[in-house]
Amino acid sequence: MKKQLLTLCTSLGLLLTACSGTPAAPQAAQPAPATTAPATPAAQTEKAEIMVSAAASLTDALNELKTTFEADNPGITVTYNFGSSGKLAQQIGQGAPSDVFLSASAKDMNGLEEKQLITKDTRQDFTKNELVLITGASSSVAIDSFEKLTDPSLKHIAVGEPETVPAGRYAKEVMDTLKIGDSLNGRLVYGSDVRQVLTFVESGNADVGIVYASDAASSKNVKVLATAKSEWHKPIVYPGAVVAASTHADAAKSFLSYLTSDKGKAILQKYGFQ
């Protein structure tokens, strides 16, 4: 009986061992799935509104350029302050906010550069112009040269104020070269900028006027009588520069670059600039 009981217990023990099976080896820890780093947001164009102080003679060309520049440079908005170069330079010198200065003469830009009020390495000449003698489109004035400004039938001759208007300064140089200035005393009508000179002639308040070729090209109400010879006056060049106090210097530089690009040059030429 003991032997039988021992045999039975042994068999039962083997059976239980077989049923239990070999315990599974612990599984190795799986690495956590890689987390994809969030995409870096695309760089946004800095929003900037730049103030461009520009010679009045650039009005029409720059108004068209504003449209194309802003379309090609989203985020940058352009606001203009047009006037005579001399007055604009004075305003900048007195701290008026401005990011870009576009002058119709080197003299006014030189003054700001000497005072370190522009960023010197951004300065560049971007266009040229000519000086012309105009009269109203329906006027009977028939002179064909600047020398004939001495004609006594001309009662009012419109020019820019020489102290602040580059076109007036160039006009004075022409008169001095031709030695006719003294004979015109009392007949000269001064405009605060070249566009006012143009208006004087368009309205008939002046018999003739001296403006830039680009101004004459912008108006259907005037006609050109003569073009001044280049040796009669200093070269008419237009320099531009970023104002030293600009708070949007990069945007201002972009505007200047656009002005001298193929698109900018094409617009300037369209409005009579060289």
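Among residues of the stretch 110-134 that are of a type in the set (Gly, Ala, Ser), those with a beta-carbon under 7 Å from a residue that is part of a helix (DSSP H, G or I) and modelled with pLDDT of 95 or more at least six positions away or on a different chain give the pairs GLY111/ALA89. Here ASN185 clears all of (1) at pLDDT below 95; (2) open to solvent by less than 10 Å² (accessible area, probe 1.4 Å) except the condition numbered (2). Restricting the stretch 216-272 to residues that are among the hydroxyl-bearing types (Ser, Thr, Tyr) and under 19 Å from GLU113 (Cα atoms) leaves a set whose member that is surrounded by the most Cβ atoms within 10 Å (Cβ to Cβ) is TYR238. Among the residues of the stretch 172-195, the one identified as β-branched (Val, Ile, Thr) and either assigned to a loop (DSSP other than H, G, I, E, B) or on the phi > 0 side of the Ramachandran plot (or both) is ILE180. The condition of being under 28 Å from the mean Cα position of the chain (by Cα) and closer than 23 Å to LYS128 by Cβ holds for only one of ASP193, ASP176, that being ASP193. The C-beta contact set for the stretch 252-274 (first residue under 14 Å from ASP125 (Cα atoms), second residue of a type in the set (Gly, Ala, Ser), distance under 7 angstrom, 6+ apart or interchain) comprises LEU256/GLY240; TYR258/GLY264; LEU259/GLY240; LEU268/ALA61; PHE273/ALA61; PHE273/SER214. Being in contact with a strand residue (DSSP E or B) (Cβ under 6 Å, 6 or more places away or on another chain), modelled with pLDDT of 95 or more, closer than 30 Å to GLY93 by Cβ and of a type in the set (A, V, I, L, M, F, W, C), is that true of even one residue in the stretch 260-269? So far as the stretch 260-269 goes, yes, one or more of its residues are in contact with a strand residue (DSSP E or B) (Cβ under 6 Å, 6 or more places away or on another chain), modelled with pLDDT of 95 or more, closer than 30 Å to GLY93 by Cβ and of a type in the set (A, V, I, L, M, F, W, C). The residue that is modelled with the lowest pLDDT, counting only those in the stretch 33-67 that are hydroxyl-bearing (Ser, Thr, Tyr) and in contact with a helix residue (DSSP H, G or I) (Cβ under 6 Å, 6 or more places away or on another chain), is SER57. Screening the stretch 53-171 for strands (runs of 3 or more DSSP E) wholly inside it with 2 or more residues that are more than 18 Å from LEU225 (Cα to Cα) and open to solvent by 20 Å² or more (accessible area, probe 1.4 Å) returns the ranges 76-83, 124-128. For the stretch 76-98, does any single residue satisfy the condition of being at pLDDT 50 or above and over 30 Å from ILE267 (Cα atoms)? Checked the stretch 76-98: at least one residue is at pLDDT 50 or above and over 30 Å from ILE267 (Cα atoms).
The values are calculated or read from the model by the stated rules, or taken from the named source; none is laboratory data. Given the structure is predicted, the values throughout are model-derived calculations rather than measurements. Every residue, glycine as well, gets a Cβ built from its backbone with ideal geometry; the counts of neighbours run over all protein chains shown. When the accessible area is computed, the model is the full protein with side chains, heavy atoms only, and any ligands, DNA or RNA have been set aside. Shrake-Rupley method; radii C 1.70, N 1.55, O 1.52, S 1.80 Å.
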